[in-house]
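Colleague: The structure's right below; bear with me while I get my questions together.
The values are calculated or read from the model by the stated rules, or taken from the named source; none is laboratory data. Note that the structure is predicted; figures quoted are calculated from it, not measured. In this analysis, Cβ positions are derived from the backbone assuming ideal geometry, glycine residues included, and neighbour counts consider all displayed protein chains. For the accessible areas, the whole protein counts, side chains as well, though only heavy atoms, and no ligand, DNA or RNA atoms are used. Shrake-Rupley method; radii C 1.70, N 1.55, O 1.52, S 1.80 Å.
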Amino acid sequence: MEKEYEPIILTFCCNWCAYAAADSAGTARIQYPSNIHIIRYMCSGMVHPNMVMDTLTQGIADGVLICGCHPGDCHYQNGNEKAEARAEAIKLMLEDMGLEEERFRLEWTSASEGPKFAKIVKEMTETLRKLGPNPYKN
Amino acid sequence: MKGSVLVVGAGPAGMRASSELLQQGFKVYLLEEKPTIGGKMAQIDKMFPTNECATCTALPRMLELTSNPNMAILAFAEVTSIEGSPGDFKVKILKKPRYVDPMKCTACTDCFPVCPVGGIPMEFNLGRGASKAISFYSPFPPRKALIYPEKCDYILKGKCGDKDKPPCVEACEPEAINFSQKPQETEINVGAIILSTGLDEVREDKLLGKYGYNKTPNVLTALEYERLLSGLGPTGGIVKCDDGKEPQSLAWLVLDDSSSIGFMTAAAEALGTIEKNPQVSVSILHKDISLTRDSYSDFYSQSKESGVQFIHTDSVTVDSEGTGELNISYEGKEKGNLKAEMLILVPPLAGSPSVRKLSEVIGINVDEHGFFERADGDSHPIHTSREGIFLCGGAEGPKGIDSSIIQACSAAANVAALLAPARGTEIAPPVEKDLKPVKAEDEPEIAVVICRCGMNIAGLLNIDELVEYTLSMPHVKQVEITPFGCDGVAVKQLLGTKKFNRIVLGACSPKTHEDLFSLHTELGGLNQHLLEIVNLRNQCTWVHSTDKAEATEKAKTLMRMGVSRTALLEPLEDINIQITPSCLVIGCTPCGISCALTLAKMGLEVYVIESENDPGKIKENQDPLVKSLLDDLKGNEKAKIYMGAKIGAVEGFIGNYKAEIVKKDGKEDIDIGSILIATGKKMGVSSNENETDYEADLALTRDEKDYFTGMLGILNPLDFNTEGVFMCGSARTKIDALESVIDGEAAASRIAGIISKEQRLKSPRISFVVDESCDGCAYCIEPCPAHAITLIEYMYEDNIKKTVQVNEAVCRGCGICMATCPKKGIYVRHFKPEQFTAMIKSIQEGA
Ligand code: SF4
Ligand code: SF4
Ligand code: FES
């Protein structure tokens, strides 16, 4: 029997609040699916939309998650606002490429929001399990 | 004279005073009575009036302090005597026993599960949640275990359960547990002392009992409630009643009418509660309150708009008969009653309970509320009756974190002025580095160290399988397992062979350990930017701890990602910026005067520009304290005052500004390292266009009320977005003369942090323009929060070529430019797109 499909999720966490949220989920031993792979970036505003799109259109991951600081908490003033604006563009590009919008998510998590981070990961993993593999795979 | 300082109390004020002093070249001892630092700021969830997450704000600062070589954190300690005089105090300190050697404890937590004594109410959570007899006091640094002697079986009975050798001792690999530890006295010698002992709630029965506190379930205090709101608290951030139910209606009763702090605390908690769950109803019962600060009134309006109900009332009775729901009836300006499932009492604030003992030790009186008293006849709020000892934050009176930060900076400035001749005399010399020459294009030869982290990593995945797998990866030459990576032994040993030009450490979080691991890497002889940390603990074993095979697979992928990126890492050198050691103060206002005088006392050169002809005639300067400061300033040879003069064009960047002074008899150019805007409240529209030119030159911003605004966040009240430029006094907010003086001193500390050194080293992880790719489209210029990018044109093979240039002195390395550029024309060093593309591609390879 073929192995059940498990989505791969690429996650960009900004170095400040978001990466700390992921760490604090760990400190509290909150369990979440192993589908996500975290990359530490300085700011959510550092993520180039092409990096997201390439990852999806090359079929490397089934979904991409960007996590940053809550509005007003970005360590570089408003990098998260930039990320938010780009998220809109990313959604349009997804549509153009025939990809479901659920394959991309932008979220804000504070350093103490480990539980929230875990919840997002669970939700997104579930959603992508239902959605099935990225059509660009292979 | 000593170049070191003792700061007593490691809350937000103490931490800030410490970091200001460190920046100015002083050695700092930061003493804290509790086992971990952070004070009340570590316990609360969100802060007013900015609604920022307290942990997000405090944690990076805590980590910065703990990794600074000139910082000694004396946690779980108290002062037992202070002798001597300003410049030379001898302080005796008593360190309480932890029964765990903090130098050996690696925070692996292997001892916790084996301890048979559990259910101990957690003091940090104000009695909620439970811990073992050996545990962490809080999630914050210093993260070292400790044993509660009044709970530990072995300490009480000489046996642990029926065992003669305690199981925690058996479980502790680094042999850190030491039952023979005794209170330990040490003596330090410092030049000055800052008291930042903080605040506490008055949780007295006679005050709170009548509302059901300690009697009725679900009646708690504001600080207790903060622990329920916090994601790091006993309920993981979900507000729960004592029976585990989530309350749908909550009420706050503000019992503190001496200041606006209690009211603001209630507003922040109520807002935080509905932000989590918009369905619940939240009401705040309060007496008459006057919100002196604009930022407080704005926050009040914000919480009101979000659905917080404010009820103005004078007397309240609480009745909990029957159902468990609380019946609250109130009388006064508004009359009525409401039902709530949870009642949060906001008691008045007093000085920390331990200050009475401290007060006797140091001979400075405290008032009936536990706040240190000022010297007789001295109106300066942070001076004490003992010269060389200063106050800040809650030690001086009830205040919010915003005001504590300003006072902390002011205290640091006062100390720095007092100890100016000794500045820099006690700081550690830079570490000698003997680095292996590595070029970016060298064939990668990677060493890998995998940390067992006690059982935290090794116990939750198959470590031998991981080692074997990692060894099979391209460029990996050697893989070693180490019991505890944080001791640096394995890293230094491997790198000491000089056989490797890259290193990967599979361990805990880079967020907490990057500074330490970077240091080990350089001590081992490799440039720190050739190190990659793979977070095997916090982001793998701890979150996939129920399935060893799954954790092992995930760890393999994470190692693959780390190794792929490492192969492309490049060595980088710190960036060195020259600093002009002087400052321009615009405005001879109370804060301008106090800032200039403080800088001059520190021995730093300052230019004061005032458009009025006689600053003595300015209304705000009539305050007796301000008057005397102005006289002192006039007599100080470090200060040059230009009256009836204006500022023309200004250009430059941090450490290197040039300003034009327009005097009646001509113009003069000055070079300065930093600039203070102390212009006072803006009066009407300026008739003279020239007057505000420098605002545009420096990209300064104002709010809708015409006050200057700058960096976001409660920790940056004086900083403009333009680095090296600061604001203070009534130019930034509604403020009286005395507060202005404090503001000015605080600004002096910020400024001295820059100009008291001839050069400034900064991280090389900033942006870099790839000239061949950049076509000068200029898209990246506007989004840059640091205004670091400019467009340039040059001739190249007879053609005009456009490109951009980055000012390395001001770039913050956020990478917003990199994400904006359509041509791969700009990237942040250490965050090169290729490095990440390789990392991302590698995710799939194992599949
Ligand atoms: S770096 Fe990129 S965005 Fe900036 S000017 Fe050059 S091509 Fe345009
Ligand atoms: S990295 Fe950030 S601060 Fe530096 S130039 Fe780019 S946008 Fe500006
Ligand atoms: S730093 Fe976290 S989003 Fe910008």
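Colleague: Select from segment A:75-93 the residues that are out of contact with any strand residue (DSSP E or B) (no Cβ under 8 Å at 6 or more places or on another chain) and part of a helix (DSSP H, G or I) and list them in ascending order.
Modeller: Answer for segment A:75-93, where residues must be out of contact with any strand residue (DSSP E or B) (no Cβ under 8 Å at 6 or more places or on another chain) and part of a helix (DSSP H, G or I): A:GLU81, A:LYS82, A:ALA85, A:ARG86, A:GLU88, A:ALA89, A:LEU92, A:MET93.
Colleague: Among (1) away from chain A (no Cβ under 14 Å); (2) open to solvent by 30 Å² or more (accessible area, probe 1.4 Å), where does B:LEU285 come up short?
Modeller: (2)
Colleague: Considering only segment A:34-65, how many residues are open to solvent by less than 10 Å² (accessible area, probe 1.4 Å), away from ligand 2 (no atom under 16 Å from the Cβ) and not in a loop (DSSP other than H, G, I, E, B)?
Modeller: Residues meeting the conditions: 8.
Colleague: Evaluate segment B:799-812: report whether one residue or more is more than 14 Å from ligand 1 (Cβ to nearest atom), free of Cβ contacts under 8 Å to residues at least 24 places away in the same chain and of a type outside the set (A, V, I, L, M).
Modeller: The answer is yes, given that some residue of segment B:799-812 is more than 14 Å from ligand 1 (Cβ to nearest atom), free of Cβ contacts under 8 Å to residues at least 24 places away in the same chain and of a type outside the set (A, V, I, L, M).
Colleague: Please specify each residue of segment B:806-828 satisfying the condition of being more than 9 Å from chain A (Cβ to nearest Cβ) and under 23 Å from the mean Cα position of the chain (by Cα).
Modeller: B:ALA809, B:VAL810, B:CYS811
Colleague: Here's something else I'd like to know. For segment A:101-123, state whether one or more residues are touching a residue at least 40 places away in the same chain (Cβ under 8 Å), assigned to a loop (DSSP other than H, G, I, E, B), more than 10 Å from chain B (Cβ to nearest Cβ) and within 20 Å of A:GLU6 (Cβ to Cβ).
Modeller: Scanning segment A:101-123 turns up no residue that is touching a residue at least 40 places away in the same chain (Cβ under 8 Å), assigned to a loop (DSSP other than H, G, I, E, B), more than 10 Å from chain B (Cβ to nearest Cβ) and within 20 Å of A:GLU6 (Cβ to Cβ).
Residue by residue, here is whether (1) among the small types (Gly, Ala, Ser); (2) open to solvent by 20 Å² or more (accessible area, probe 1.4 Å); (3) at pLDDT 95 or above holds:
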site: B:SER315; (1), (2), (3): yes, yes, no
site: B:GLY324; (1), (2), (3): yes, yes, no
site: B:TYR330; (1), (2), (3): no, yes, yes
site: B:GLU334; (1), (2), (3): no, yes, no
site: B:VAL346; (1), (2), (3): no, no, yes
site: B:GLY363; (1), (2), (3): yes, yes, no
site: B:GLU368; (1), (2), (3): no, yes, no
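Colleague: Of all residues being away from ligand 1 (no atom under 16 Å from the Cβ) and assigned to a strand (DSSP E or B) in segment B:729-782, which is farthest from the other protein chains (Cβ to nearest Cβ)? Just the residue, please.
Modeller: Here the residue is B:GLN759.
Colleague: Let me ask you something else. Please determine whether any residue of segment B:91-99 is modelled with pLDDT under 95 and surrounded by fewer than 19 Cβ atoms within 10 Å (Cβ to Cβ).
Modeller: no
Colleague: Given the options B:SER767, B:SER749, name the one that is at pLDDT 95 or above and within 16 Å of ligand 3 (Cβ to nearest atom).
Modeller: So the residue among B:SER767, B:SER749 that is at pLDDT 95 or above and within 16 Å of ligand 3 (Cβ to nearest atom) is B:SER767.
Colleague: Scan segment B:407-420 and tell me whether some residue there is outside any helix (DSSP H, G or I), without any contact (Cβ under 8 Å) to a residue 12 or more places away in the chain and away from chain A (no Cβ under 14 Å).
Modeller: No - not one qualifying residue is present in segment B:407-420.
Colleague: Mind listing just one residue for me: the one in segment B:788-805 that is polar (S, T, N, Q) and either farther than 11 Å from B:ALA778 by Cβ or outside any strand (DSSP E or B) (or both) and, of those, nearest to the chain's Cα centre (by Cα)?
Modeller: The residue in question is B:GLN805.
Colleague: Kindly indicate which of A:GLY68, A:GLY72, A:GLY79 is at the interface with chain B (Cβ under 10 Å from one of its Cβ atoms), within 14 Å of ligand 3 (Cβ to nearest atom) and surrounded by 24 or more Cβ atoms within 10 Å (Cβ to Cβ).
Modeller: A:GLY79
Colleague: OK, next. Among the residues of segment B:603-627, write down those that are of a type in the set (Ser, Thr, Tyr) and not in a strand (DSSP E or B).
Modeller: B:SER611
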